[in-house]
Amino acid sequence: MLAVHLDPLAASLFSLIAIASMLLSFVMLGSRWLKDYMYAFGVQSWLIALLSALVGYYGHYPELYLVAIFTLLFRGLLLPYLVMRILQRLRVERELHLILRPSASLVAGAACALFALLVASRVGAAIGLTQNIVVLALMVMLTMKLVGFLMLSVRHEAVSQILGLLLLENGIFLGSQILIPGMPLLIELVILFDLLVAVACFGVLVRYLMTHVGSTSSLDLKRLVG
Amino acid sequence: MTFELCVIVIAPLVAILAAGVPPRSRVAEYVNLLASLAVLLAALPLPFRIRSPLFYWGGYVIVDQLGAWGMLCTAVVYFLASIYAVGYMRLMDRPKRLVNFYALFAAFAWTMLVAPLMNNPGVFWIAIELTTLVSTFLVGFEREAESMEAAWKYIIVVSAGISLALLGTVLLYWGGSLVLGPTYDMTWQVLRDVAPRMNPVLLKLGFLLVLVGYGTKVGLAPMHTWLPDAHSEGPAPVSAMLSGALLNTAMLGIVRYLAVTDAAGIGLLPRTALVVLGILSVFVGALFIVRQEGVKRLMAYSSVEHMGILALGFGFGGVLGVAGALYHMLNHSLNKSLMFFGAGNVMRRYGTKEMPDIRRVLSEFPVSGLLWLAGAVAITGAPPFGTFLGEFSILRAGFGSPNVWAALIMLVLLIVIFIGFLNHFRAMYFGRKPETLPAGRWGGGWCAVPMWLALVPLLVLGLWWPERLLTLFTAIAHGLGVPS
C-alpha cells in the first residue's frame, strides 16, 4: 500500500495535513460561535482536498485530482455556503445554553484523541504496520469521529449538529485518502454528492423546525418521550 | 428476469414523475397505486426464479435470492400501504400537498427496492443513506411540532449511526487491500473470498462498526431511540413502510456482512454481538410495551422487539435460524402493516393517539376492529399465524446454537410481551365506555381492504409453510455459507 513506501517528504506533508485537520476539529470544539464552526469546517475541507491532490501526485492516482477538485468545490465551497445561508436565515450566532463549556469539552476531546491513539496503535501493531503515517491516519480518523460525536451530544443548535455530522464524514474521508487511495472513484464521488443532498435536506428541515417548533435548539425538542 | 427487474426499478420512478407532471392529487394517487401493484406482481415470483446470482451494470447490481426476498417484503408493504394511503391521506384535505406526498412515497419505495440490489458495500451504504434522506420528509410530513421533532431526531441519529457503518466499510476495504493490493472492486463476494486471509483484528473491528451502524437503521437497542418517534409521528402508511420495509432492508446489510465474518471463521464474536443486540432489543421492546400509552408508539416498540427477534434468528444461524428469520421477515411486514393501518383508523376516528382515550373499538369498527384484534394476537407470536411459526423456528434454532441462554431469555420476554401487548388491547376493546363519543372520520373501504389483504396471507402462512418457501430459505442459507 501507498502509506508503507512513502518518501519522507510526502510522509511529513501527509502528517502535517492530518494533524492540522485534527486541530481544526478542536477549534470547532473550543468555540461557541457557529461561524467559527463553519470556517473551521471549510478550512478542513480545503486541507482534505489538498491531501487528495498530494496523494494523487505521490501515489500516481490521477483520478484523485478529480476527487480533489470535487472536494474543493462541494465540501470547501458549496457546503459552507449552504450552511452560511442556513445561519443567516436563522439569525442564531452562538450556542446559548452550553451543556459542556468549551474548556471542558476540549478536555473531553483530548481524552477522545488519547483513546483514538491507543486504538490506532493497537490496530497498527496487530496488522504489522507500525509506520507513523498509518497509525497517525487511523488515529486522526478515529479522533475526528469521536469529536464529531462529542459535538453531536454536547451542542444542540441545529447548525452545530449538522456540522458535527459533516465532521464525522470528513474524518472518514481524510483517513481513507491515506489508507486506501485506490478506493474506486465512483464511490467517493457518489458519497460527495450524497453529502450535498444531505445538507440540502438539513436546510429544508431546519427551516421547518424554525416555523413549526419555533426554535432550532434540540433542547426544545422534548415532546416525544417514553 | 431482466423484465421483472426493470418493472421493479422503473414503476416507482413513473409514479414520481406522474406526481409531478400533472400536479393533480387523484392522478398521483392512482398512478402510485398502479405502480405498487406492478412492483408487487414483478417481485412476487422473483425469488423463486433465481437459480444463481445475476449481475448487471459491470457487477454493481446483483440479483440474488436474499436480495429478491427483501424486495418481495418491501413490495408487499408498498402495495398495501399504497392502497391504505388513498383513503388515509384524503382525510388531510390538502390536495396540493398530496402530490408531494406521493412523489416522496414512491421515491422512498424506490430507494428501498434498489438497496438490496447493490453489490458493492459502499454503494449499498449510499442507498441506505438515501432511504433516510427521503423518508425524513415523510416522517415530518404532517408538519406539527411533534412530527418535526421526530424528523429531526430521525435524520440526526440515523445519519450519525450510519456514518459508523461507512467507517466499518472503509476499514474492511483497507483490510482487503492489504491482501489483494491497493485497488480492487469490493463486492460482497470478494469480501467473503478475502475474509479468511484478512487480518482478524481489522475484520472484527470493521464488522462491529458496521453492525452498530446498520443496527441503528434497523432499530436494534440501544440505538433504537429514533424509531418510536419516527414511527409514531409519520402518517400511518409511512409508519407501515418504515416498519415493514425499511428495517428489513437495513437488516439485509447486516446479514451480508455476517456471511463475510462467517467465511473468515473468526470465532463466535460477530454472532454473539448480534445475539446480544437482539436480546437487548426484545428486552427494551418488552419494557416499553408494558408501560405504553401511545397507540402508535406501542406498535413502534413492537417493531424494536421484532427486529430483535430477526437479529436473534440470524445470530443463532443454521438453516433453521435463517429460515425462521426470513419467514418472520415477511410475516412481520404483513402483520405490522396491519397493525399500523388499524392504529391509523382508530387514531383518525377518536382523534387521539393516547390509548386511555380509545375505548370500545368494536362498536366503532365492527369488522376492521376484529381484523386489528386478530393482528394484535398475531404480533405477539400466538398461533395460528405466520409470526408464530417464524418465532418458533428461531427459538428451536436458538436451543441448538451456542447461545442457548439467549433463547431462554427470549422465551420469557415473549411471554411478557404477550401479556403486556394484549392487555392494552383488552382495555381498548372491552374497557369502560368513554364519556365523549368519537367524532373524527376515517378512510372507509380504502383503509379496510389492505387490512384483509394483510391478515389473510398471515393466517395462511401460519397454517401452511409452503414447501417452495422452505427450499428457497434453505438455498439462501447455503448461499450465506451455512453448512447443510
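Within this structure, B:A427 fails the test of being under 25 Å from the mean Cα position of the chain (by Cα) and either in a loop (DSSP other than H, G, I, E, B) or not β-branched (V, I, T) (or both). May I ask you to verify whether B:G342 is in contact with a helix residue (DSSP H, G or I) (Cβ under 9 Å, 6 or more places away or on another chain) and over 11 Å from B:A240 (Cα atoms)? Taking the combined requirement at face value, the residue does not satisfy it.
As for the range B:228-237, it holds at least one residue that is crowded, with 24+ Cβ neighbours inside 10 Å and under 20 Å from B:I279 (Cα atoms). Residues in the range B:110-120 that are outside any helix (DSSP H, G or I) and more than 10 Å from chain A (Cβ to nearest Cβ): B:M118, B:N119.
Residue by residue, here is whether (1) within 17 Å of B:L334 (Cα to Cα); (2) within 21 Å of the chain's Cα centre (by Cα); (3) assigned to a loop (DSSP other than H, G, I, E, B) holds:
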{"residue": "B:L389", "(1), (2), (3)": "yes, yes, no"}
{"residue": "B:L395", "(1), (2), (3)": "no, yes, no"}
{"residue": "B:A407", "(1), (2), (3)": "no, no, no"}
{"residue": "B:M410", "(1), (2), (3)": "no, yes, no"}
{"residue": "B:P457", "(1), (2), (3)": "yes, yes, no"}
{"residue": "B:T471", "(1), (2), (3)": "no, no, no"}
{"residue": "B:V482", "(1), (2), (3)": "no, no, yes"}
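Before we move on, is A:R94 over 20 Å from A:F149 (Cβ atoms), surrounded by 14 or more Cβ atoms within 10 Å (Cβ to Cβ) and of a type in the set (K, R)? So A:R94 fits the description; yes.
Pick from the range B:121-149 the residues that are part of a loop (DSSP other than H, G, I, E, B) and within 7 Å of another protein chain (Cβ to nearest Cβ): which of them is surrounded by the most Cβ atoms within 10 Å (Cβ to Cβ)?
Initial filter on the range B:121-149 (part of a loop (DSSP other than H, G, I, E, B)): B:140-144.
Subsequent filtering for residues that are within 7 Å of another protein chain (Cβ to nearest Cβ) retains B:140, B:143-144.
Numbers: B:G140: 26, B:R143: 13, B:E144: 14.
So the residue we want is B:G140.
Picking from residues in the range B:188-223 that are within 13 Å of chain A (Cβ to nearest Cβ) and not in a helix (DSSP H, G or I), the one that is surrounded by the fewest Cβ atoms within 10 Å (Cβ to Cβ) is B:N199. If you go through the range B:313-324 and keep only what is under 17 Å from B:T261 (Cβ atoms) and assigned to a helix (DSSP H, G or I), you end up with B:G313, B:F314, B:G315, B:F316, B:G318, B:G321, B:V322.
On the stretch given as the range B:20-79, residues that are in contact with a helix residue (DSSP H, G or I) (Cβ under 7 Å, 6 or more places away or on another chain) and in a helix (DSSP H, G or I) total 34.
Reported count of residues in the range B:16-41, each being under 15 Å from B:V99 (Cα atoms), of a type in the set (S, T, Y) and modelled with pLDDT of 90 or more, is 1. For the range B:404-418, what are the residues that are out of contact with any Leu (no Cβ under 9 Å at 6 or more places or on another chain) and either closer than 15 Å to B:H306 by Cα or exposed (fewer than 13 other Cβ atoms within 10 Å of the Cβ) (or both)? B:V404, B:W405, B:I409, B:V412, B:L413, B:I415, B:I417, B:F418 - these are the residues of the range B:404-418 that are out of contact with any Leu (no Cβ under 9 Å at 6 or more places or on another chain) and either closer than 15 Å to B:H306 by Cα or exposed (fewer than 13 other Cβ atoms within 10 Å of the Cβ) (or both).
Would you check if A:I178 is in a helix (DSSP H, G or I), of a type in the set (V, I, T) and either within 8 Å of chain B (Cβ to nearest Cβ) or touching a Cys at 6+ places or on another chain (Cβ under 7 Å) (or both)? Talk me through it step by step, then tell me what you get.
Working: in a helix (DSSP H, G or I): yes; of a type in the set (V, I, T): yes; either within 8 Å of chain B (Cβ to nearest Cβ) or touching a Cys at 6+ places or on another chain (Cβ under 7 Å) (or both): no.
So A:I178 fails the test.
So for the range B:96-106 (the condition being out of contact with any Leu (no Cβ under 7 Å at 6 or more places or on another chain) and either within 25 Å of B:M251 (Cα to Cα) or of a type in the set (S, T, N, Q) (or both)), does at least one residue qualify? Spell out how you get there, then give the answer.
Here is the first cut: in the range B:96-106, the residues out of contact with any Leu (no Cβ under 7 Å at 6 or more places or on another chain) are B:96-103, B:106.
From what's left, either within 25 Å of B:M251 (Cα to Cα) or of a type in the set (S, T, N, Q) (or both): B:100, B:106.
Checked the range B:96-106: at least one residue is out of contact with any Leu (no Cβ under 7 Å at 6 or more places or on another chain) and either within 25 Å of B:M251 (Cα to Cα) or of a type in the set (S, T, N, Q) (or both).
Taking the criterion of being at the interface with chain B (Cβ under 10 Å from one of its Cβ atoms) and over 19 Å from A:Y81 (Cα atoms), the residues of the range A:186-198 that qualify are A:L186, A:I187, A:E188, A:V190. Failed condition for A:A113, given (1) surrounded by fewer than 22 Cβ atoms within 10 Å (Cβ to Cβ); (2) modelled with pLDDT under 80; (3) in a helix (DSSP H, G or I); (4) of a type in the set (A, V, I, L, M), with all others met? With respect to (1) surrounded by fewer than 22 Cβ atoms within 10 Å (Cβ to Cβ); (2) modelled with pLDDT under 80; (3) in a helix (DSSP H, G or I); (4) of a type in the set (A, V, I, L, M), A:A113 is out only on (2). Note on the range B:241-279: among residues that are of a type in the set (D, E, K, R) and over 24 Å from B:T225 (Cα atoms), the one that is surrounded by the fewest Cβ atoms within 10 Å (Cβ to Cβ) is B:D262. Within the range B:157-187, the residues that satisfy the criterion of being more than 8 Å from chain A (Cβ to nearest Cβ), closer than 22 Å to B:W57 by Cβ and buried (at least 22 other Cβ atoms within 10 Å of the Cβ) are B:T169, B:G176. Would you point out the residue of the range A:209-219, among those that are closer than 14 Å to B:E144 by Cα and more than 7 Å from every other protein chain (Cβ to nearest Cβ), that is surrounded by the most Cβ atoms within 10 Å (Cβ to Cβ)? Going through the qualifying residues, I end up with A:M210. Within the range B:368-384, residues that are crowded, with 24+ Cβ neighbours inside 10 Å have Cβ atoms under 8 Å from residues that are in a helix (DSSP H, G or I) and acidic (D, E) in these pairs: B:G381/B:E391, counting only partners at least 6 apart in sequence or on another chain.
For A:M84, state whether it is aliphatic (A, V, I, L, M), within 30 Å of A:R207 (Cβ to Cβ), part of a helix (DSSP H, G or I) and in contact (Cβ under 8 Å) with a residue 12 or more places away in the chain.
Details: aliphatic (A, V, I, L, M): yes; within 30 Å of A:R207 (Cβ to Cβ): yes; part of a helix (DSSP H, G or I): yes; in contact (Cβ under 8 Å) with a residue 12 or more places away in the chain: yes.
So A:M84 fits the description; yes.
Among residues of the range A:144-160 being crowded, with 24+ Cβ neighbours inside 10 Å and at the interface with chain B (Cβ under 9 Å from one of its Cβ atoms), the one that is nearest to A:L79 (Cα to Cα) is A:A158.
The values are calculated or read from the model by the stated rules, or taken from the named source; none is laboratory data. Computed from a predicted model, the values in this text were never measured in an experiment. Using ideal geometry, Cβ is built from the backbone for each residue, glycine included, and neighbour counts are taken over all protein chains shown.
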